[in-house]
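Each remark here refers to the structure printed beneath this line.
None of the figures in this text is laboratory data; all of them are computed from the coordinates on show. What you see is a predicted model; the values in this text were computed from it and never measured. For neighbour counting, all protein chains shown are included, and Cβ atoms are generated from backbone atoms with ideal geometry for every residue, glycine included.
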Amino acid sequence: MLSFTSQRLAVALSVALTVSIVAFLLLHLSGDLATAIAGPEATAAQIAEIRHQFGLDRPMTLQYLDWLWRALHFDFGNSFYYRDTVTSLVASRMPVTMTLGAISLMLALVIAIPLGVLAAVYSGTIVDRLALGFCVLGQAVPAFCLGLGLIIVFAVHLHWLPVSGTASWKNYIMPSVALGWYAVPAVMRLSRNGMLEVLSSDYIRTARAKGLRPTVVILKHALRNAIIPVVALAAVQFGFMLGGSIVIEAVFNMQGLGYLAWEAIARNDFPVVQAVVLILAVIYVALTFLADVANAFLDPRIRLA
Amino acid sequence: MTVAAPVDIGTGLEAPAAPQRRRAGLLRRSFGHSGLVLGGTMLVAIIAIALAAPLLAPHDPYNQDLAHRLIPPVWQAKGGWDHALGTDKLGRDYLSRLIFGARISLLIGTLTVLISGTIGTVIGVCAGYFGGRVDAVLSYIVTTRLALPVVLVALASAALVGSSLQGVIVVLGLLLWDRFAVVTRSATQQIARTDYVAAARAIGCSTLRILISEILPNILNALIVVATLEMAHAILLEAALSFLGLGVQPPLPSWGLMISEGKQYMFFSPWVIGIPAAALVALVLAINLVGDGLRDVTAPENRG
Amino acid sequence: MKTVYSSIAGLLAVIAIAGAPAAALASKSNDTLVYASDSEPENVSPYHNNLREGVIIARNVFDNLIYRDPATGKYMPQLATHWTWVDPTTLDLTIRQGVTFHNGDPLTADDVVFTLNYVVSPDAKVVTKQNVDWIKSAEKIGNDKVRIHLVGPFPAAIEYLAGPIPIYPANYFKKVGLDGFSKAPIGSGPYKITAVIPGKGVKMEKNTHYWKGSPLGQPSIGKLDFRVIPDAETRLAELMTGGVDWIWRVPKDQATQLKSAPNITVLSAETMRVGFLQFDALGRTPGAVPFKDPRVRQAVSYAIDRKAMIDNLVGGGARIMHSACFIDQFGCTDEGVPRYDYNPAKAKELLKEAGYPNGFKTEIYAYREREYAEAVIGYLRAVGIDAHLNYLKYAAMRDAHRAGKTPITFQTWGSFSVADASAFTGVWFKGDADDSSHDTEIQTLLKEADTSVDTDKRLKTYQKALKLIAEKAYLFPLFSYPANYAFTSDLVFTAQPDELPRFYAAHWK
């Protein structure tokens, strides 16, 4: 277990390091930083001075190491647009995206797991077909269309929920549905498959043969084992959701990380963009690492493989 | 757009052991699979419409006529057959734009998958066939790619290279190869272990020849399945990018762009956004049905 | 089918709006006026942005030296109780006593001197130089007396002092610097800023100690909440559901629909804002090379049907503009200025003459009213020019334009509500950052016009310059913008043509 964990940790760390290089390059590919920092009306002399002052005339590797060192201390420099540090901008937006992601994931799990279990238990019947059909159809509806549709129906038409912003918990309902929608098919398929596999295994047959009630068999024995891969997937999905929330945040005008990044891209504010890319990627890496370890802990077959 | 995790597809694609015999019943099974038949019919129809766009479109999709803007579709009180689906905010014929838009979506889907499929297959096959260190390095590359938030990186890259049709295709092509790599890797691993590959190796076939004539044909089914699903993914992502203003540029009649532009009218003229949205859903649904269907019929033991 | 669809549309429009007050989150009941607009100033400090949203905040939070009555156009005392011209380059002002800033500091002649000297210093990096570059320096010549030295004669000085030149608190600004000031600005106006939240907006509160006798009057509404909502549909939906109380820039189609709503007032008014196409006549990017040829620029001007755009897209209140300024500004005229009436055949002919019989590919940059820009693209396409739209945030577009990366820029300019042509033509043609033609003849004429005390000569020189601009077609003026305001019927709000919502003068019913 220990060697498995340390091995995974090494992979996670090196992936995070590579991602940091990508983020660093993203910033530097966006154009001449000295010109951007100096502003549109700066003279050549001012630009040269800023280039020197910010150390932009040093070799790339040195700049990268310096940048990385500061990034490790949560220092991403200043936004080109706002008169604020990237760190404080990101910190103020983080809670929105995290809350949105967490609610979306919970919503997705609450819908998808029972649906998957039902589809597996009634495998081959109309229930199974309907559940799969729901999945296929769901995957085909773009998140922003769903979001706009929800706004028309529940905010403008029925007046139940607020349209935009992050003022209260009500603001999170529609965005969470639109975002969570996307995780449902994957989670449902996986819980269905896992359930099918477990239901056909020997010990479930034994349990059934012992005369235990079907619901007890399903809930107590089968589900517990079928859920293991879903845990891993849930972690991965959470990472994807944080990355995918940009569209939803844009539709619902929620000032989260995705929205911040989107606006920053439209304003050529690349210090913000690279920080968000890096943060989301590192969160994803951390989540998959934790999921791997948790999985291995729950299912001994994995760490021996 | 969130991405379904690669494990989802990976688990459904165990490469079968006896590829030759399986083909016999493939056609029969395909026609027996209702989802595949439905999706296939829809997809063929959309492709036909896209190919015959200049013949089918009643008007020039770019021809604007400000005096006849926002004419509702034929089923509404003020609609008429001259513009069966009405006109947009600049008086351009909506049906014609929709028809030409099918070309753009399909073009983006196909070209993106060609690029990403090539990258992903090369990585996946190499990782699966050579194993060991090659596998470790390539898998690490795949993991790194998975860690990057797709929409965000695509948006940022589109902003850097400038938004355009070519730009979107290249950016998506360079980003969406992960599933190809994951799936071809595991498929290759299984085929590489089979007797006939060992036999080919024993009679001294070159590695390249084994990869091309033994491995590739046998992972083709899996590849096609991933390609269809990725195509749907690319089309949805393009729509999202265009919606966020960093996809293709106006005046191209992209469906995503049409939704984005029609958003302004969503409260009072919902059809402006409803029509392209329905087209987009239909196309993605068709492709997904085909992809899921192909997965079922090529690997019937792994339904679901 | 027909009934189903029309009833859905009807339901959306009517029921939704009818139920609006029920869901009111902020309005009359808690004395908070939530107003929403699309763009966010990069910096709330009024000299450091050139966005209308910034101008609105400036006018509600800061005081000017002089006040111009929007109804009569007369200049009235504001912070300056009295002013006299010593000579054409020297202006003396007497500063009002007893006015305090929001932090309690008294507003004195020192604050005025500091502000004026600060904004003309290169360190200040004022975004729109035209607003201040006529000032050479300011000095204190008595306890409450300030003398402004001008760079040269500048008859429009009073108009500028009554517009984009708010007064800053010297001590506070020196203490916190520009960074601190932009996070917590302090003025002396009818509203004080309580929070600047990047990405969300600005919160303001009534200044209960606002000086008595101000020509602005006393503010009535307790709190102002400026929310940035980039999306026009979201703004509309928020208004319809009571999430915000006041929106503007409502497109013509929606404004017409909203008029039938019982709890929403729609107000349409003309503004000073003019939309126009600016060509990169210097040909600084590959797509801009054809625009070095005046015939190509003229061809584009002939290709666009402004009347059809006004009739169908822009709506009532808009007027076609022929000169590079707003027609009611002092100095602005279209007499003798060549006109480009819609003539696609002529456009094609000119393109052929210029060596582009099959047109060419180019890029157009825009930041607002995307459908106007797209209509322009449609017209260009009809004469063979294949233009693609780059739709950016304002700051990004401005930077790209200033860097010479934009062949055609779809600009709009509201002149900072300054009723003098220098605030328009000067910005785009006097050789500053936004000038993309760098025509020395025009620059000389404009400098002459802006510095001549003789009114007649001023008008004539402007006319000459405007004629030249139109002949060479450096800038193709489209039309003046109407403004469609929509707000809750609980609110009493009047609009002025200078596109400056005066929330301090608004009140609840």
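Numbers at a glance
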item	result
Per-selection Kirkwood Rh - the range B:24-175 (Cα, Å, 1 d.p.)	19.3 Å
Simple Cβ-charge dipole of chain C, Lys/Arg +1 and Asp/Glu -1, about Cα centre, in debye nearest 20	380 debye
P(r) histogram, all alpha-carbon pairs of the protein assembly as shown included - 20 Å bins from 0, percent	11, 39, 34, 13, 3, 0
Unpaired by the 4.7 Å Cβ criterion, cysteines found in the protein assembly as shown	A:C135, A:C145, B:C126, B:C205
Those aspartates and glutamates that a straight Cα-Cα span of less than 20 Å connects to A:K210, excepting residues fewer than 8 apart in one chain	A:E197, A:D202
Size descriptor, Kirkwood hydrodynamic radius, that averages inverse alpha-carbon separations across chain B, Å	20.9 Å
Unit Cα scatterers, Debye sum, the range C:271-482: log10 I(q)/I(0) for q = 0.13, 0.14, 0.16, 0.17 Å⁻¹	-0.67, -0.78, -1.04, -1.18
Ordering of C:248-256, A:273-281, B:120-128 by burial proxy (mean other Cβ atoms within 10 Å per residue, highest first)	A:273-281, B:120-128, C:248-256
Chain A, helix-only ellipticity at 222 nm - DSSP H runs n ≥ 4, -39,500 (n - 2.57), divided by all residues, nearest 500	-24000 deg cm²/dmol
Helical contribution to [θ] at 222 nm, DSSP H n ≥ 4, -39,500 (n - 2.57), averaged over chain C, rounded to 500	-9000 deg cm²/dmol
Nearby lysines by direct alpha-carbon distance to C:K447 (threshold 26 angstrom, same-chain neighbours under 8 apart not counted)	C:K74, C:K125, C:K129, C:K136, C:K292, C:K430, C:K457, C:K460, C:K464, C:K467, C:K472
Per residue Cα convex hull volume in Å³ - calculated over the range A:87-303	137 Å³
The range B:140-188 and the range C:42-56: distance between their alpha carbon centers, rounded to Å	39 Å
Estimated FRET transfer efficiency (A:V231, A:F54; beta-carbon r; R0 51 Å; 0.05)	0.70
Eligible aspartates and glutamates near C:K206 by straight Cα distance, threshold 20 Å, same-chain separation 8 or greater	C:D31, C:E53, C:D63, C:D105, C:D225, C:D245, C:D490
Size of electric dipole in the range C:371-455: Cβ of Lys, Arg +1 and of Asp, Glu -1, about Cα centre, debye, nearest 20	380 debye
Cα Rg, Dmax (largest Cα-Cα span) when computed across the range C:402-487, Å	14.2, 47
Neighbourhood net charge (9 Å Cβ-Cβ; Lys/Arg +1, Asp/Glu -1) for C:H401	0
Reduced Cα scattering model of the range B:96-247, Debye log10 I(q)/I(0), q = 0.14, 0.16, 0.17 Å⁻¹	-0.71, -0.85, -0.92
Inter-part distance where the range C:231-265 and the range C:62-119 are each reduced to a Cα centre, Å	38 Å
From the C-alpha gyration tensor of the range A:2-72, square roots of 5λ in Å	35, 11, 8
Only Lys, Arg (+1) and Asp, Glu (-1) charged, at Cβ; the range B:67-194 dipole about Cα centre in debye	60 debye
Global geometry of the range B:145-185, whether rounded, prolate or oblate, following the gyration tensor of its Cα atoms and the 1.5 cut on a/c	oblate
DSSP-defined beta bridges in the protein assembly as shown - what % are antiparallel, rounded to 5	75 percent
For the range A:1-67 versus the range C:452-472, the gap between their alpha-carbon centres in whole angstrom	52 Å
Isotropic mean projected area of the C-alpha convex hull, the range C:464-509 (nm²)	4.8 nm²
Hull shadow area, averaged, the range A:197-280 [alpha-carbon convex hull, nm²]	7.8 nm²
Positive-pole candidate from A:L233, A:V121, A:G243, dipole of the range A:87-303, charges at beta carbon	A:V121
Translational diffusion coefficient (Stokes-Einstein; Kirkwood radius from C-alpha pairs) of chain C at 4 °C, 1.567 mPa s, in µm²/s	54 µm²/s
DSSP beta bridge pairing in chain C, given as percent antiparallel to the nearest 5	75 percent
